[in-house]
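One structure is given here, and the rest of the page talks about it.
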Amino acid sequence: MKRSSRKPFAVFAASIAAVALSHDVFADATYDTLKSQVDNLQNQLREVKDQLKAQEKRVNDADVYELRKRIEQVSAQSEEWKNADSVVHLAGYGDVSYTDGDNQNGAVSAVRFNPIFHYQYRDLIMLEAELELELEENGATANNLEYLTVDLFVNDNLALIAGKSLSPLGQFRQNFHPSWINKLPTAPPGFGHDQAAPVSETGLQARGGLPLGGNSRFINYALYAGNGPILEIVGDEIEAIEAEGRTSNDDDEAVFGGRVGIIALPQLELGLSGATGKVAGEDEPNATRSYRVFGADFAYHWRTLRLRGEYIEQKVGSEVASAAPAAAKWQAWYAQASYRFAPTNWEGAVRYGDYDSPHDSSDQKQWAVGVNYLFSANAMAKLAYNFNNAANGSAADDDGFQLQFAYGF
Amino acid sequence: MNRVMASTRTFNFFPALYLGLSVTAVLATTPVDAENSDILARGAKSWSENCARCHEMRDPMEFRDDLWRPIVTHMRVRAGLTGLQQREILAFLQSANNRMPEPRGNVTDSGVPTRSTAATDLSGAEIYQQTCVACHGQDGTGAVPGAPDLTAADGPLAQDDGILLRHITEGFKTPGSPMAMPPKGGNPALGGADIQRVLGYLREKFGAASQ
């Protein structure tokens, strides 16, 4: 830099000398030209000096200090989110279904919104609550507290859960029923409300996982004590068993049960469920009778192939003091396969299900065949056709198709 | 500490409750060191083994770090995972969002920190086994939805090093793909030299030359 900045000085000095010597000799015009050249050179020199100064100033200690402070502030703020003791989170799902069948008019048949709220305090407590807001036939909105539990994490292998929860028996209700997870628009026959599979329970649960040597194989368990179901008795028959969590226990007898699942291979879960206790009719709390549940389930997945199956039965004993003295049994099973044709987002699903209840009129055998399009892991469109076989003339016998859009968030 | 947890295996309710409550107090204050790549590797494995059991695999980059926390807690309860699995999976999911490495150490005389490419001293094969295998599988054909077949002749490895290095370092997602490749496979501890080595390993093990 020094060497090159000398050059303009040399030119400058030479020009001055030349001007002094020959002032008389040269015309004014020449003098002006030279003067403007000198001015230019002076300007350029000033610019170079300014630039040098600016460069020196660009980074000084105060700036670095400022910047550091700022970075510390910003990163502390971004950590705030991660390290807060209390967290609030909104999850859930929503779906819209269109149904058309043999003896029914095509209609938008279901519009549902199920928000789930999570509040977590450290790794100690979580509150989970799901609401189900569903549009009814007449345009009103039904709402339902699907579940509300307070979960206390006791240690790495145990959480205590109090409140209303999805039934810990079997796998469809607790693991697969949300519409963005279920590969078909409908629940398998017998797995709906007041059918063979219990839906929910109010009580106390102990849940957790126990490693089976290493991290990949483990046992998960859910053991509970709850209020248990109630029987709906019409005339001299048990119309239905209402296995939904309620905040009353007319028969004053608790139900105990649970499920144990074994993850023997990471791709395969096998589960066994059972429960036992007493149950009574809605209007006859003293006519208690035995109540037993048994279930077995499996879930297997390999790449985009998913196989699932499940059997569940609920049995109540006979009771002479009841208006409906006879014993009764509800049972259902299904087997399902779904396969996504990777790398496309198209998926095929097929399910066979069989529901058997004390009332022949509600029994159903069903083949369901569906095609799904997965927009993402949590959003899909499903089109399915159900081939139903039930008592002639019953609604359960009508074949039909459903189109459903489901989004989980 | 985890040994203490595991020893409460037998389900003896009240002793378990008592011990549990006292241990939980300690546990709740022990953050997982997300920089520990062992935890990340175990977390990635545990995530790939458990998080596609009931529903489609959710993309590790789908949620912010603070949102993954209640989600993984929710899933621990739902799936009966252990607390250890929960912490490891959470550490992995949170690290999968880190696009930039943390600025580390090295400050020059002028007080200006330089971006160092802190590298591990692991070989390409070791890095693959620790960080990549959970998603890409032992044989490179992919173990989770969306992971491409690296052994296919016209597969990803047919591309230039430049593209692959960028995709591995910054992460990327093909439109319509069910899942993104997380930056550095979700392990922010990997430096530029590590990525070079693991790419070398991919080419040697799964590339056209190996067939």
Å² of accessible area per residue within chain A, as computed with a 1.4 Å probe and no ligands counted | 52 Å²
Taking chain A and dividing mean pair separation by its residue count, relative contact order in percent (alpha carbons under 8 Å, at least six apart) | 12 percent
Along the charge dipole of the protein assembly as shown, which of A:Ile312, A:Ala54, A:Leu127 sits closest to the positive end, that is, farthest toward it, with unit charges on the beta carbon of Lys, Arg, Asp and Glu (+1, +1, -1, -1)?
-> A:Ala54
To the nearest 500 deg cm²/dmol, what mean residue ellipticity at 222 nm is calculated for chain A from DSSP H runs of n ≥ 4 alone, each contributing -39,500 (n - 2.57), summed and divided by the residues?
-> -6500 deg cm²/dmol
Cβ-defined net charge surrounding B:Gly176, 13 Å radius [Lys, Arg +1; Asp, Glu -1] | +1
Expressed as a whole number of Å, what is the distance separating the alpha-carbon centroids of the stretch A:84-137 and the stretch A:168-224?
-> 17 Å
Relative to the longest principal axis of chain A, what angle (0 to 90°, nearest 10) does the C-alpha long axis of helix A:28-58 take?
-> 40 degrees
Hey, got the average number of other protein chain Cβ atoms within 10 angstrom for residues in A:158-167?
-> 2
Pairs of Cα atoms farther than 20 Å apart, the stretch B:124-210, % | 23 percent
Rg to Rh, two decimals, where the protein assembly as shown supplies the alpha carbon set and Rh follows Kirkwood = 1.19
Largest-first ordering by accessible area, 1.4 Å probe, given options A:Arg292, B:Arg197 = A:Arg292, B:Arg197
If you place +1 on the Cβ of every Lys and Arg and -1 on the Cβ of every Asp and Glu, how big does the dipole about the Cα centre of chain A come out, in debye to the nearest 20?
-> 3420 debye
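The values are calculated or read from the model by the stated rules, or taken from the named source; none is laboratory data. Remember, predicted model here, so these are calculated numbers, not experimental data. Neighbour counts run over all protein chains shown; Cβ positions are idealised from the backbone, glycine included. The area values use the complete protein model at the heavy-atom level, side chains included, leaving out ligands, DNA and RNA. Shrake-Rupley method; radii C 1.70, N 1.55, O 1.52, S 1.80 Å.
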